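Accompanying notes for the structure given below.
The values are calculated or read from the model by the stated rules, or taken from the named source; none is laboratory data. Just so you know, these numbers come straight off a predicted model, no measurement behind them. Virtual Cβ from ideal backbone geometry, glycine too; neighbours counted across all protein chains shown. Side chains are part of the model used for accessible areas, which takes the heavy atoms of the whole protein and leaves out ligands, DNA and RNA. Shrake-Rupley method; radii C 1.70, N 1.55, O 1.52, S 1.80 Å.
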Amino acid sequence: MILIDPPAWPAWNRIWSHLVSDESYEELHAFAKAAGIPARGFDRDHYDVPSDRYDDLIAAGAVPVTSRELVQRLIAAGLRHRKRPSTG
């Protein structure tokens, strides 16, 4: 299933959501490609998507969930990739 959290993450003068799959990266990449999300938006285990795409992505089939649920579902699916700690 494709999941999206509410736009809440500020960066680059915009507010962003995260788009994930709780099944596979293949499902996530296929959905993103069909929705016209550029590959450069992929970051380890999710796509960063601007708030102006939120409603379009839900209309395309993404299921809105809280940020907490999104992370819990990624972890449960074994698809969560955390940032590596800095060494230095």
Please find, within segment 33-68, the residue that is nearest to the chain's Cα centre (by Cα) out of those that are within 12 Å of Val20 (Cα to Cα) and of a type in the set (Phe, Trp, Tyr). Tyr47
Kindly provide the set of residues from segment 8-42 that are of a type outside the set (A, V, I, L, M, F, W, C), open to solvent by 50 Å² or more (accessible area, probe 1.4 Å) and on the phi < 0 side of the Ramachandran plot, ordered by number. Pro10, Arg14, Glu23, Tyr25, Glu26, Glu27, His29, Lys33, Pro38, Arg40
Might you check whether a residue that is touching a residue at least 40 places away in the same chain (Cβ under 8 Å), farther than 13 Å from Asp5 by Cβ and acidic (Asp, Glu) occurs anywhere in segment 23-39? yes
Checking Val71 against (1) assigned to a strand (DSSP E or B); (2) within 11 Å of the chain's Cα centre (by Cα), only one condition comes out false. Which one? (1)
Given Ala35, Ala60, which one is in contact with a Leu (Cβ under 9 Å, 6 or more places away or on another chain) and at pLDDT 95 or above? Ala35
